[in-house]
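Here's the structure, in structure tokens; my notes come after.
The values are calculated or read from the model by the stated rules, or taken from the named source; none is laboratory data. Computed from a prediction, not measured in an experiment: that's the story for all the values here. Ideal geometry is used to build each Cβ from the backbone, glycine not excepted, and the neighbour counts take in all protein chains shown. Protein only, heavy atoms only, side chains kept; ligands, DNA and RNA dropped before computing areas. Shrake-Rupley method; radii C 1.70, N 1.55, O 1.52, S 1.80 Å.
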Amino acid sequence: MCPPVPDRVTALGQESVWAYPRPPRLEPVRARLRVVFDGLVIADTLAGHRVLETSHPPTYYLPPADIRPGTLVPAPGASLCEWKGRAVYLTVVGPTRRAERAAWAYPDPTPPFLAIAGFVAFYAGPMDACYVGEERVTPQPGGFYGGWITSNLVGPFKGEPGSAGW
């Protein structure tokens, strides 16, 4: 299956996910990143990073020092990313509910991604809300990938129906 024709960038400040590199690139984020779960702000940072990969909205990684203590517990299982290495999963815990395997981290990533060693990424879907700056994000479609979609992004995005062969 051929990849789709990318949507056009039509406004200043827009980014096409089809202009993102493969292999992916890691870059620091200047914007404030926040995660809200079970009515609590569980993560709030100005020291995040994002991973940019062709056809994917960015995945944001937050430093563990900026995550509320007691809100993450190890979850079973692991996976392997050909670029970043072995990921471990985390369950997000709030006062009244849990989101199983709703976050992940790379304890010992490959050299190009050492800056995010131990940083945590969250699936936006199970959270009450995730923010880049003051903008509430939309989860990347499909449930498998963990990108955060903001209004400045142009797709189509991996994870949408029919994108399995891209």
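Of all residue pairs spaced 6 or more apart or on separate chains, those with beta-carbon atoms under 6 Å, a first member in the range 19-37 that is under 22 Å from Lys84 (Cβ atoms) and a second member that is among the aromatic types (Phe, Trp, Tyr) and surrounded by fewer than 18 Cβ atoms within 10 Å (Cβ to Cβ) are Pro23/Trp83; Pro24/Trp83. In summary, Gln140 fulfils each of the numbered conditions (1) touching a Leu at 6+ places or on another chain (Cβ under 6 Å); (2) open to solvent by less than 30 Å² (accessible area, probe 1.4 Å); (3) of a type outside the set (Val, Ile, Thr) with the single exception of condition (1). Scanning the range 46-88 for residues that are open to solvent by less than 20 Å² (accessible area, probe 1.4 Å), within 29 Å of Val154 (Cβ to Cβ) and not in a loop (DSSP other than H, G, I, E, B) yields a total of 6. Restrict the check to the range 127-142 and report whether at least one residue is closer than 20 Å to Glu53 by Cβ, modelled with pLDDT of 95 or more and assigned to a loop (DSSP other than H, G, I, E, B). Taking every residue of the range 127-142 in turn, at least one turns out to be closer than 20 Å to Glu53 by Cβ, modelled with pLDDT of 95 or more and assigned to a loop (DSSP other than H, G, I, E, B). Are any of the residues in the range 19-42 open to solvent by less than 30 Å² (accessible area, probe 1.4 Å), part of a strand (DSSP E or B) and in contact with a helix residue (DSSP H, G or I) (Cβ under 7 Å, 6 or more places away or on another chain)? No, the conditions are met nowhere in the range 19-42.
Only a single item in (1) under 20 Å from Thr138 (Cβ atoms); (2) in contact with a His (Cβ under 6 Å, 6 or more places away or on another chain) is not met by Pro28, and it is number (1).
Inspect the range 109-118 for any residue being open to solvent by 30 Å² or more (accessible area, probe 1.4 Å) and in a strand (DSSP E or B) and give the result as yes or no. Yes, the range 109-118 has at least one match.
Assess whether Gly159 counts as being surrounded by 19 or more Cβ atoms within 10 Å (Cβ to Cβ) and of a type in the set (Gly, Ala, Ser).
Values: surrounded by 19 or more Cβ atoms within 10 Å (Cβ to Cβ): yes; of a type in the set (Gly, Ala, Ser): yes.
Considered against the rule, which asks whether it is surrounded by 19 or more Cβ atoms within 10 Å (Cβ to Cβ) and of a type in the set (Gly, Ala, Ser), Gly159 comes out as yes.
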